[in-house]
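**Student:** Quick one: the structure is below, questions incoming.
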Amino acid sequence: MIRCTPKQGDVVELDCSPDQMMRRGIKHPAMIVSCDRYYRETGLLVVCSVGSIELDSPTHYRLSKKLEIPWTVYAERIMTIDPQVTPILYIETARKSLIERVTKTVGSFFRDDD
């Protein structure tokens, strides 16, 4: 169940993800990277996975120092979810500078600059 209207930059917990790479019944943190208009028009959210393993990678961003576990946003791990099917629970909102860096990285994956 959606606790509030999801917004870009929200860090949420996904429950019972239908993604085949994830086990049902396990909660998965993620950061919403799609813009608010995308959610209003499609009812879907584009998210990046969040985890506790921090690797030296240009696509990994430290999320917050406030949380018990030092979470990292994995910008290369992108998925689309339907919050009507996959319940989400709000955790916190990321810093604006982090949201900008992550969405810029994700956007670069869909541009052919060659």
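The values are calculated or read from the model by the stated rules, or taken from the named source; none is laboratory data. What you are looking at is a predicted structure, and each value in this text was computed from that prediction instead of being measured. Counting neighbours? That spans all protein chains shown, and the Cβs are built from the backbone with ideal geometry, glycine included.
**Student:** May I ask you to list the residues in the stretch 35-71 that are of a type in the set (Val, Ile, Thr) and modelled with pLDDT of 95 or more?
**Tutor:** Across the stretch 35-71, the qualifying residues are 42, 46, 47.
**Student:** Can you name the residue in the stretch 6-22 that is part of a loop (DSSP other than H, G, I, E, B) and under 15 Å from the mean Cα position of the chain (by Cα) and is also modelled with the lowest pLDDT among such residues?
**Tutor:** Residues of the stretch 6-22 part of a loop (DSSP other than H, G, I, E, B): 6-9, 16-22.
Those left that are additionally under 15 Å from the mean Cα position of the chain (by Cα): 6-9, 17, 19, 22.
Working: 6: 92, 7: 95, 8: 96, 9: 95, 17: 46, 19: 51, 22: 52.
Ranking the candidates gives 17 first.
**Student:** Still on this structure, I have one more. Of everything in the stretch 37-54, what is in a helix (DSSP H, G or I) and surrounded by 14 or more Cβ atoms within 10 Å (Cβ to Cβ)? Give them in sequence order.
**Tutor:** 38, 39
**Student:** Taking the stretch 72-102, which residues are among the polar types (S, T, N, Q), more than 14 Å from residue 30 (Cβ to Cβ) and at pLDDT 90 or above?
**Tutor:** Result: 97, single match.
**Student:** I would also like to ask the following. Can you find even one residue in the stretch 79-92 that is at positive phi and assigned to a loop (DSSP other than H, G, I, E, B)? Spell out how you get there, then give the answer.
**Tutor:** Initially, the stretch 79-92 is screened for residues at positive phi, giving none.
No; the residues of the stretch 79-92 include none that is at positive phi and assigned to a loop (DSSP other than H, G, I, E, B).
**Student:** In the stretch 59-78, which residue that is out of contact with any helix residue (DSSP H, G or I) (no Cβ under 8 Å at 6 or more places or on another chain) and assigned to a loop (DSSP other than H, G, I, E, B) is surrounded by the most Cβ atoms within 10 Å (Cβ to Cβ)?
**Tutor:** 71
**Student:** Moving on. Tally up the residues in the stretch 25-34 that are over 8 Å from the mean Cα position of the chain (by Cα) and modelled with pLDDT under 95, please.
**Tutor:** Number satisfying all stated conditions: 4.
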